[in-house]
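J.: Once you've had a glance at the structure underneath, I'll fire off some questions.
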């Protein structure tokens, strides 16, 4: 009897303790949340740097002198981890200092960013004011009405930034960039994304020192580029004639895109979203890509940025497709066998055209943000001459203001010096981006999967492209892009 | 509150938790599968209709089943062999070997995937040294026929210790006298394994097969870390396909329909194995 009584008391006590703890935590949390000191009283700037691919930030706090006239505000930015997001830090810091803004720069991996953005915006979250996106993914966000039209809300468009960059961030995109999805046709175009980092596309890189040794000239056509790849290919050394990204999906799709354009494919899809990439011109272009791949290292089908950059760094390759935004720091950095020896050029021509592929990382402003005005101010500062100079000199990124490319203090940087001559030619040529659609993530998985299948010899170029076209058409019919 | 009420609450809490954490997501997933996108518009069975016409979906079924058959068979056989060898009195330092065998179990699968990606690499991995003696390094992850074997090897490396552990524990529970008298009667190692050990641990073998089958039908991390489903679509398993549908395409309705099919396949296989394990005696 007494034992039972004891158990009752124990259970009651247990419940009291557990209940009390939970209630205490809830009340404590609520009080803590409600009694957070207003930001104006805090004289710290919080810079969040996360190098792992998680959303958990590591916070570094440093004290700065606030501007007394403006109330302290907070701007939360969701950006890229790694080298792509590093150059922004100094610009954000400076903006924060001058405007009494606490910038929380949360950085996550590339793969997670598109997913995270959709999850947050689908839920109408105002958690982040500015969200970075790779350019093929922002159309989905813009189409859903989750982004603010930057131009309408005060982003100062300047002619110093190449037109193609403004066009790349516009939705719907201008006709010269390809067809627009049925649901977005006729919508008034606005700039929803500030294209500003990475890219701007795939350059052709060739070791000029090696060309000189063999008295070869810089290739003007893909046929000449193929000859160079053949000449230097010696797997026994090992030394290779060609390298690029070969992984299924986006990497191989992006690195092979200009071959399609150069051999006569105007866009990947026609006005009605019927595939054009499997046309005879497309097949011919992709065959040239596959011919070059024969002179590549054996692991090419699994090569991403790291692998192809390593081939240049180790001095084991003469030429290839190179993306300045991804690899210029590695290839032109100290310790690289190719540093200072590589010509970064607008890719050679095909029989029908000489077109580059355009792709950059962008910054977008969340429509649900409570700091839209401040976010626009930050973007304006970012593209200002001062912001872009800091971005280049202190951050180490390439600025998007054309006038800065000619400033000696900027273009003497050995990392970027080789880039600027080609950069101008590249952007002036009006390169064509990936198809502008809300569905590219799905399409590129199918398309890039079949390109990879051709690269490993599972299909011929024509078979792979036809299969991709068939599967993508079925998908586009299912989602209503193609009627009937 | 009366004692009876307390008892009811305590007994019913796990049931409600189970409903909330297991049953509700399952039914919600089934519900979503009748919509386009994320609850955008009701489409009935359309997602299922398209799914069975989708060549990618059919291909993932083949890849997943091939992967599961290869891995479960090899893990069962190797696990049995390792356990049997370690059981032999001639083997010294048993604790040391057990620890070594079990080490891969503590490595996260995604890490194992990336680790093997580097090891397999024909230009940067250890196999690249073969080119110094004029032998082309094998294209572990680049050859579509070899890739499924390569990812199976990663899975085997990670999970054979699990089957080994189960079998070894089972074998150690067999009365020592039985094996000793079989030895005295002149039984061979194979006789002991097939006629004494197998009947004793038959249930454990089926349990190991059950666990490994269910786990490998939904294998994701090590494949994502090493091949991401490539080359081409050679290692795109169900889980990878569904992940891409859900979080790359954001076609949650279609992804949910695929998940429901995966659930049905996994449950069917599990029920068959459970029946074999528990109701055959």
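Here, each number is a calculation from the coordinates, and none is a lab measurement. Everything numeric here is computed off the predicted structure, so don't read it as measured data. Cβ: placed from backbone, ideal geometry, glycine included. Neighbour counts: every protein chain shown.
J.: For region B:1-142, what is the convex hull volume of the alpha-carbon atoms per residue, in Å³?
T.: Taking the convex hull of the Cα positions in region B:1-142, it is 282 Å³ per residue.
J.: Still on this structure, I have one more. Can you compute the modelled spin-label distance between residue A:126 and residue A:384, with each label point 7 Å from Cα toward Cβ, in nm?
T.: 2.6 nm
J.: Viscosity 1.002 mPa s, temperature 20 °C: what is the translational diffusion coefficient of region A:433-477 from Stokes-Einstein with a Kirkwood Rh over Cα pairs, rounded to a whole number of µm²/s?
T.: Once the numbers are plugged in, D ends up at 200 µm²/s.
J.: Shifting gears a bit: Would you please calculate the Kirkwood hydrodynamic radius of region B:176-231 over all C-alpha pairs and express it in Å, rounded to one decimal?
T.: 14.3 Å
J.: Would you please put A:212-221, A:272-281, A:288-297 in order of how densely packed they are, using the mean number of other Cβ atoms within 10 angstrom per residue and starting with the highest?
T.: A:288-297, A:272-281, A:212-221
J.: Tell me, Kirkwood radius of region A:355-400 from alpha-carbon pair distances, in Å?
T.: Kirkwood hydrodynamic radius for region A:355-400: 12.2 Å.
J.: Regarding chain B, what are the three Cα extents along the principal axes, ordered largest first, in Å?
T.: Taking the Cα atoms of chain B, the three principal extents are 76, 73, 34 Å.
J.: Within region A:308-335, what residues put their amide N at less than 15 Å from the label point 7 Å along the Cα-to-Cβ vector of residue A:413?
T.: A:324-334
J.: Still on this structure, please answer the following. May I ask for the angle, rounded to the nearest 10°, between helix A:461-478 and the longest principal axis of chain A, with both axes built from Cα atoms and the value confined to 0 to 90°?
T.: Orientation of helix A:461-478: about 40 degrees from the principal axis.
J.: Assuming 0.36 nm per residue, please report the length gained on full extension of the stretch residue B:28 to residue B:172 beyond their Cα-Cα distance.
T.: 47.3 nm
J.: Please give the length that would be gained between residue A:460 and residue A:160 if that part of the chain were fully extended, namely 0.36 nm times their separation in residues minus their C-alpha to C-alpha distance (nm, one decimal).
T.: Here the answer is 103.5 nm.
J.: Something else now. Rounded to a whole number of µm²/s, how large is the Stokes-Einstein D of region A:255-304 at 25 °C and 0.890 mPa s, given Rh as the Kirkwood radius over C-alpha pairs?
T.: Answer from the Stokes-Einstein relation: 211 µm²/s.
J.: Okay, next question. Treat the count of other C-beta atoms within 10 Å as a stand-in for reagent exposure and order A:258, A:244, B:43 from fewest to most.
T.: Ordered from fewest to most neighbouring Cβ atoms within 10 Å, A:258, A:244, B:43 come out as B:43, A:244, A:258.
J.: Any chance you could get the radius of gyration and Dmax over the Cα atoms of region B:161-263, in Å?
T.: Cα radius of gyration and Dmax of region B:161-263 are 21.3, 66 Å respectively.
J.: Sticking with this structure for a sec: Please determine, in degrees from 0 to 90 and to the nearest 10, the orientation of helix A:440-455 with respect to the longest principal axis defined by the Cα atoms of chain A, where the helix direction is its Cα long axis.
T.: Its long axis makes an angle of about 40 degrees.
J.: Another question, then. Find the relative contact order for region A:201-337 and round it to a whole percent, using C-alpha pairs within less than 8 Å whose residues are 6+ positions apart.
T.: So the answer I get is 35 percent.
J.: Can you give the relative contact order of region B:120-236 as a percent, counting alpha carbon pairs under 8 Å and 6+ residues apart?
T.: Across region B:120-236, relative contact order equals 32 percent.
J.: If you take the beta carbon distance between residue B:180 and residue B:278 as r and set R0 to 35 Å, what does 1/(1 + (r/R0)^6) give as a FRET efficiency, to the nearest 0.05?
T.: That gives a FRET efficiency of 0.70.
J.: Something else: If you rank B:19, B:158, B:171 by fewest surrounding Cβ atoms within 10 Å, what's the result?
T.: By the 10 Å Cβ count, ascending, the order reads B:19, B:171, B:158.
J.: Same structure, new question: Could you state the orientation-averaged shadow area of the convex hull built on the Cα atoms of the protein assembly as shown, in nm² to one decimal?
T.: Approximately 43.3 nm², given one-decimal rounding.
J.: Output needed: percent of Cα pairs per 5 Å distance bin for region A:327-435, bins running from 0 to the one holding the longest distance.
T.: Whole-percent P(r) values from 0 Å outward: 2, 10, 16, 18, 18, 16, 10, 6, 3, 1, 0.
J.: Taking the 0 to 90 degree range and rounding to the nearest ten, how far is the long axis of helix A:110-122 tilted relative to the main principal axis of chain A, both from C-alpha atoms?
T.: For helix A:110-122, the angle is close to 50 degrees.
J.: Given the DSSP H assignment, sum -39500 (n - 2.57) over each helix run of at least 4 residues in chain A and divide by its residue total; what's the result at 222 nm in deg cm²/dmol, nearest 500?
T.: Estimated from H runs of four or more residues: -12500 deg cm²/dmol.
J.: In nm, give the distance between the simple-model label positions of residue B:100 and residue B:16, each being 7 Å from the Cα along the Cα-to-Cβ direction.
T.: Computed distance between label sites residue B:100 and residue B:16 equals 5.3 nm.
J.: Translational diffusion coefficient, Stokes-Einstein: compute it for region B:126-215 using the Kirkwood radius over C-alpha pairs as Rh, at 25 °C and 0.890 mPa s, and state it as an integer in µm² s⁻¹.
T.: 150 µm²/s
J.: Note the direction-averaged projected area, equal to a quarter of the hull surface, for the Cα convex hull of region A:72-157, in nm².
T.: So the mean shadow area of the Cα hull is 6.2 nm².
J.: Normalised radius of gyration for region A:180-240, please: alpha carbon Rg relative to 2.2 N^0.38 Å, two decimal places.
T.: Compared with the compact-globule rule of thumb, region A:180-240 sits at 1.96.
J.: Same structure, new question: Once you keep just the Cα pairs under 8 angstrom separated by 6 or more residues, what percentage relative contact order results for chain A?
T.: Relative contact order of chain A: 21 percent.
J.: Points 7 angstrom from Cα along the Cβ direction at residue B:9 and residue A:144: gap in nanometres?
T.: 4.1 nm
J.: Provide B:129, A:204 in ascending order of the number of other Cβ atoms located within 10 Å of each residue's Cβ, fewest first.
T.: Exposure proxy ranking, most exposed first: B:129, A:204.
J.: For region A:255-329 and region A:69-141, what is the separation of their Cα centres, given in Å?
T.: 31 Å
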